[in-house]
Amino acid sequence: MTADGNQEKDVVTRIVMARTRFGKLRNIWNDKTLHFNLRLRLYKACVYSILTYGSEAWTIDELTM
């Protein structure tokens, strides 16, 4: 968050970090031998957790959405 309360930079940073991690795990997403539920659990643990870290302090407004 910046001094004026703008959290846009943090939100964008988190999105980029999650997208990068998703790309690094591309071989898992394309592996059809892994059950869908296992891939979903991996997504929640490896990607979604990065995206939502610190989101409790964000105030979602029109600009952030």
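The set of residues in the range 31-52 being of a type in the set (D, E, K, R) and open to solvent by 100 Å² or more (accessible area, probe 1.4 Å) consists of 32, 41, 44.
So, of the residues in the range 7-52 that are in contact with a Lys or Arg (Cβ under 7 Å, 6 or more places away or on another chain) and not aliphatic (A, V, I, L, M), which turns out to be modelled with the lowest pLDDT?
Step by step, filter the range 7-52, then rank; the result is 29.
The values are calculated or read from the model by the stated rules, or taken from the named source; none is laboratory data. On a predicted model such as this, the values are computed, not experimentally measured, just so you know. FYI the Cβ positions are ideal-geometry reconstructions off the backbone, even for glycines, and counts take in every protein chain you see. To get the accessible areas, we keep the full protein, side chains included, count just its heavy atoms, and leave off ligands, DNA and RNA. Shrake-Rupley method; radii C 1.70, N 1.55, O 1.52, S 1.80 Å.
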